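Asks: Would you mind keeping the following structure in view while I ask a few things?
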Amino acid sequence: MSRLPPTNPEPCWLAIRLPHLALDLHTRGWKCRETAVAVSATVDRRERIIDCNPAARNGGVRPGMPVPAARAVLHELHVVTRDPEAEQRALERLAAWCYQYSSQVCIPGDRAGLLLEAGASRRLFGSPEKLAGRLQRELAQLGYHAPAGSAPTPESAWLAAGEYLHLEARGQLRYQLGSLPLDRLQLDGSCIQAMERMGFRQLRDLLRLPRKALTRRFGPELPDYLDRLLGVRPDPRKFYQPPESFASRLELPAEIHAREALLFPLKRLLGELCGVLRGGDTAVQSVKLALGHEDHADSTLDLGLQSPTQDPERLLDVLRERLERLRLPQAVRDIRLDAPELLKFSAGQGSLFRDTPAEQRQDIEQLAERLQARLGRKAVSGVTGVEDHRPEYSWRRRALDEPVGEIALAHRPAWLLPKPRRCEIGNYRILAGPERIESGWWDGRDCRRDYFIVRDAHGSLLWAFHEHKPKPGWYLHGIF
C-alpha cells in the first residue's frame, strides 16, 4: 500500500501596516510626547495637514486642514513636510530588519507597509498571531506604529492587518472579509466612489456579482484584484534583497541640547541596525555617527570595536562613554548613523559561567573598547615582544587588534622598573645566575651585564644585574 506524500502547508502571509510612517519618521527620535507635530503635503494644490500626533489633535489640529488654519488653531504646532524618499528608505531598512523573522519580505510599491511569508517561520516564532504581536512590540520600541494581521494571500493579509485579524483558511475568506466596507480595499478612490454610487457598500456586494458583470462595469482590474485577494489567481511578489551596508537618518522634532538626551534616539537607531544585522547574519566592527547642527559643522563619532558584534547593548556602552567626552557646539537637529561594511558573523555557543577562552577574550575586548571610548584610542594599547636581548628594548606598544609577537622568557620578570636602580648586592640573597647579556654595539647603546635572580629581606623575588659597561655597578631591574 503506497503512502501519499505529505501535502505542503497552506501559505501564510503576515502584513505590517505603517499608517503613520511619515509622522513616525519625525517623532520617533523624541521621547517627549507633549510636542505637537504635524506632517503636511500638497493636496489639491494647497498645503494641508495629512497626519498629526495626539498632542496636535488635542490642540484642535485635524488631517485635511490647511497649514495656515492649523497654525492659527495651535500656535506652537511644529509642521514638517512629507518626504516620500525618506519613507521609501525607511521601508527598505525595515524590510531588512524583518529578515530576522522571514527570508521572504516584500515592499508593496503602492502602500506604506511590508508583507512577510510567515508560514515557514512557524516552528521558530510560533503562530502568525504570536509573531505579529512580537513584531508590533519591537517596532513600537523603534518608534513605529505597526498594526499587523495574517491571512493565506498577500492582499487578504493586508486587509486583515487593518482589522488586527488572523485568518487561516482560504475557503473562509469570502465570509470573514465580506463585511469590510469598500474604502478598506486597495483600489483607486474614483473606482470606489463609482461603486458606492451604484449602491455597493461592502466587499460581499462585489463578490455576489459574476466576473463578467464586474469586468463590464469596472474593467478587468477589479476582478483581477478580487481573484488575488481570494487566492483564485496567483499573486507573485518581488522579494526585497538587503544591501551590504546600512545608513539611517533620524530627524528630531525639537532640538536636543543635552548629551544625555541623545541616548534615547541613538538607542532606537542602534536597535534598528542590530535587527538588520541579525536578519542578514552579519555584524559590524565600526560605526560612524554624525550629529547635525544648524550653523555648525557636524559633530562626528567613530565607534571602533575589537571584534564584530550585533549586540546593541555593547554598541550603546561604547557610545555612552564617547558621549561623556563629547562637547556639543550647538543643539542637535538630526542624527545620521552609517555602517559602511557589514561583516559575516559567526556566533559561538556560550557557557554558563563565561569561562571559555573565547568568552574571556570577548570580556577583555569589551573592557578595552570602553576604556578606549573613555580615554581615547591612543591611550589604550597592548604590549608585544621585540627580538632584542636587552630587556628594556625587548618590547613595544601594539594596537589591540595587532597579533602578539614574541613571548617573554619564563626566567625573566614580566615587570621592569622604569629605569634600573642602583643597589647594594649585599642586601640580597642570590638564588640563580649569572646570565650574561652583551649586546647593542650596532646602535650606540651597547651594554655588558650579568643578571641574577635575588631575594630581598621581605621574601620578594627581584632581578638584579652587575653592569661592566657603560656604568659599572649593581642595579635592580625587575620584579617577579
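Asks: With Rg and the Kirkwood Rh both taken from Cα atoms, where does Rg over Rh land for the range 10-168?
Replies: 1.03
Asks: Further, regarding this structure: Along the range 249-255, what does the Karplus equation 6.51 cos²θ - 1.76 cosθ + 1.60 (θ = phi - 60°) give for ³J(HN,Hα), rounded to whole Hz, x for Gly and Pro?
Replies: 10, 10, 8, 8, x, 9, 5
Asks: About the Cα centre of the range 146-258, what is the dipole size in debye to 20, counting +1 per Lys and Arg Cβ and -1 per Asp and Glu Cβ, all else neutral? Walk me through the intermediate numbers first.
Replies: Values: 16 positive and 14 negative charges, 159 e Å.
Here the size comes out at about 760 debye.
Asks: Please list the non-local residues whose amide H lies under 5 Å from the amide H of Met65, H modeled 1.01 Å from N, same-chain partners needing a gap of 5 or more.
Replies: Correct list: Ile49.
Asks: For helix 128-141, report the angle its Cα long axis makes with the longest principal axis of the Cα atoms of the chain; keep it between 0 and 90° and round to the nearest 10°.
Replies: Helix 128-141 sits at roughly 60 degrees to that axis.
Asks: Calculate how steeply helix 263-280 sits against the longest principal axis of the alpha-carbon atoms of the chain, using the helix alpha-carbon long axis, and give the answer as 0 to 90 degrees to the nearest 10.
Replies: Computed tilt is about 80 degrees.
Asks: Using 7 Å Cα-to-Cβ label points, what is the Leu328/Phe264 separation (nm, one decimal)?
Replies: Label at Leu328, label at Phe264, 1.2 nm between them.
Asks: Report the relative contact order of the chain, percent, no decimals, based on alpha-carbon pairs under 8 angstrom and at least 6 residues apart. Don't skip to the end; give the middle numbers.
Replies: On the way: 850 pairs, mean separation 55.6, N = 480.
Across the chain, relative contact order equals 12 percent.
Asks: Of the DSSP beta bridges with both residues in the chain, give the percent that are antiparallel, rounding to the nearest 5.
Replies: Percent antiparallel among DSSP bridges in the chain is about 95.
Asks: Let me ask another. Antiparallel as a % of all DSSP beta bridges within the range 1-135, to the nearest 5?
Replies: 80 percent
Asks: Okay, moving on. Taking the simple approach of a point 7 Å from Cα along Cα-to-Cβ for both Lys130 and Gln193, what is their distance in nm?
Replies: That separation, rounded to one decimal, is 4.7 nm.
Asks: Mind running the shape call on the range 232-306? Use the C-alpha gyration tensor, a ≥ b ≥ c as the square roots of the eigenvalues: rounded below 1.5 for a/c, prolate if a/b tops b/c, oblate otherwise.
Replies: Details: a/c = 2.73, a/b = 1.80, b/c = 1.52.
Judged from the Cα gyration tensor, the range 232-306 comes out prolate (a/c at least 1.5, a/b above b/c).
Asks: Can I ask one more? Name the lysines eligible as straight-distance cross-link partners of Lys471: C-alpha to C-alpha under 23 Å, and not fewer than 8 places from it in the same chain.
Replies: Lys419
Asks: Could you calculate the FRET efficiency of Ala399 with Ala213 from 1/(1 + (r/R0)^6), where r is the beta carbon distance between them and R0 is 60 Å, rounded to 0.05? All intermediate terms of the calculation are to be shown ahead of the outcome.
Replies: Values: r = 76 Å, r/R0 = 1.26.
E(calc), rounded to 0.05, equals 0.20.
Asks: Given (1) -0.47, -0.61; (2) -0.35, -0.45; (3) -0.58, -0.69 as candidate values of log10 I(q)/I(0) by the Debye sum over Cα atoms at q = 0.07, 0.08 Å⁻¹, which corresponds to the one derived from the coordinates?
Replies: It is the value labelled (3).
Asks: Mind listing the long-range amide H neighbours of His166? Cut-off is under 5 Å, sequence gap 5 or more, other chains count too, H placed in the peptide plane at 1.01 Å from N.
Replies: Those lying under 5 Å, H to H, from His166 are Ser150.
Asks: What list of ³J(HN,Hα) values in whole Hz, one per residue of the range 460-465 in order, does the Karplus curve 6.51 cos²θ - 1.76 cosθ + 1.60 (θ = phi - 60°) give from phi, with Gly and Pro shown as x?
Replies: Once θ is set to phi - 60°, the couplings for the range 460-465 become 7, 8, 10, 10, 10, 9 Hz.
Asks: What is the dipole size for the range 1-107, taken about its Cα centre, with +1 at each Lys and Arg Cβ and -1 at each Asp and Glu Cβ, in debye to the nearest 20?
Replies: Once rounded to the nearest 20, the dipole reads 160 debye.
Asks: Follow-up. Top to bottom by accessible area (1.4 Å), largest first, where do Ile50, Ile437 land?
Replies: I get Ile50, Ile437, largest accessible area first.
Asks: Compare Val380, Val61 by solvent-accessible area with a 1.4 Å probe and give them largest first, with all protein chains kept in place.
Replies: Most to least solvent-accessible, the answer reads Val380, Val61.
Asks: Expected output is a single nm value to one decimal: the length gained when fully extending between Arg62 and Ala169, i.e. 0.36 nm times separation in residues minus the C-alpha distance. What is it? Display every interim value, and only then the final one.
Replies: Working: separation 107, 0.36 × 107 = 38.52 nm, distance 3.91 nm.
Residue separation times 0.36 nm, minus the Cα-Cα distance, leaves 34.6 nm.
Asks: Here's something else I'd like to know. For Lys212, which aspartates and glutamates qualify as cross-link partners when the Cα separation must be under 14 Å and same-chain residues fewer than eight apart are set aside?
Replies: Within reach: Glu221, Asp224, Asp227.
Asks: Just to compare against my own numbers: the Cα pair-distance distribution for the range 202-327, 5 Å bins, whole % per bin, please.
Replies: All Cα pairs, binned at 5 Å, distribute as 2, 8, 15, 15, 10, 7, 5, 5, 6, 8, 8, 6, 4, 1, 0 percent.
Asks: Which FRET efficiency value, to the nearest 0.05, do you get for Lys31 and Leu416 by plugging their Cβ-Cβ distance into 1/(1 + (r/R0)^6) with R0 = 56 Å?
Replies: According to the calculation, E is roughly 0.60.
Asks: Follow-up question, since we're still on this one. Say R0 is 25 Å: what FRET efficiency, to the nearest 0.05, do Arg429 and Lys469 get from their beta-carbon distance? Mind showing how you got there, number by number?
Replies: Working: r = 26 Å, r/R0 = 1.05.
That pair, Arg429 with Lys469, gives E of 0.45.
Asks: Still on this model: Based solely on C-alpha atoms, express the radius of gyration and the Dmax of the range 93-148 in angstrom.
Replies: 10.9, 31
Asks: Then there's this: With θ set to phi - 60° and the Karplus curve 6.51 cos²θ - 1.76 cosθ + 1.60, what are the ³J(HN,Hα) couplings of the range 207-212 in order, to the nearest whole Hz, using x for Gly and Pro?
Replies: Running phi through 6.51 cos²θ - 1.76 cosθ + 1.60 with θ = phi - 60° gives 5, 6, 7, x, 4, 5 Hz.
Asks: While we're looking at this one, here's another question. Any chance you could run the full-extension gain for Arg46 through Asp83? It's 0.36 nm times the residue separation minus the Cα-Cα distance, nm to one decimal. Display every interim value, and only then the final one.
Replies: On the way: separation 37, 0.36 × 37 = 13.32 nm, distance 1.64 nm.
Length gained between Arg46 and Asp83: 11.7 nm.
Asks: Checking the cross-link filter: which aspartates and glutamates have an alpha carbon closer than 13 Å to that of Lys469, excluding same-chain neighbours under 8 positions apart?
Replies: Excluding near neighbours in sequence, the set is Glu438, Asp446, Asp450.
Asks: Work out the charge dipole of the range 172-306 with +1 on the Cβ of Lys and Arg and -1 on the Cβ of Asp and Glu about the Cα centre, then indicate which of Ala290, Gln186, Ser245 is farthest towards its positive end.
Replies: My answer, from the dipole projection, is Gln186.
Asks: Place a +1 charge on the Cβ of each Lys and Arg in the chain and a -1 charge on the Cβ of each Asp and Glu, then give the dipole magnitude about the Cα centre in debye, rounded to the nearest 20.
Replies: 680 debye
Asks: Dipole of the range 1-124 (Lys/Arg Cβ +1, Asp/Glu Cβ -1, origin at the Cα centre): which of Tyr101, Ile50, Gly113 lies farthest to the positive side?
Replies: Towards the positive end, the residue furthest out is Tyr101.
Asks: Moving on to the next point. Determine the order of Tyr225, Tyr428 by accessible area, beginning with the largest, at a probe radius of 1.4 Å. Write out the running numbers ahead of the final one.
Replies: Details: Tyr225 5, Tyr428 55 Å².
Ranked list, largest accessible area first: Tyr428, Tyr225.
Asks: Reported to two decimal places, what Rg/Rh ratio describes the range 183-223 when computed on Cα atoms with Rh from the Kirkwood expression?
Replies: Here the Rg-to-Rh quotient is 0.90.
Asks: To continue, here is another question. Of Gln176, Ala151, Leu206, whose Cα points farthest to the positive end of the dipole of the range 149-226 (charges on the beta-carbon: +1 Lys, Arg; -1 Asp, Glu; origin at the Cα centre)?
Replies: Farthest along the dipole direction, towards plus: Leu206.
The values are calculated or read from the model by the stated rules, or taken from the named source; none is laboratory data. Bear in mind the structure is a predicted one, so any value in this text is a computation, not a measurement. Positions of Cβ are backbone-derived with ideal geometry, glycine not excepted, and every protein chain shown enters the neighbour counts. When the accessible area is computed, the model is the full protein with side chains, heavy atoms only, and any ligands, DNA or RNA have been set aside. Shrake-Rupley method; radii C 1.70, N 1.55, O 1.52, S 1.80 Å.
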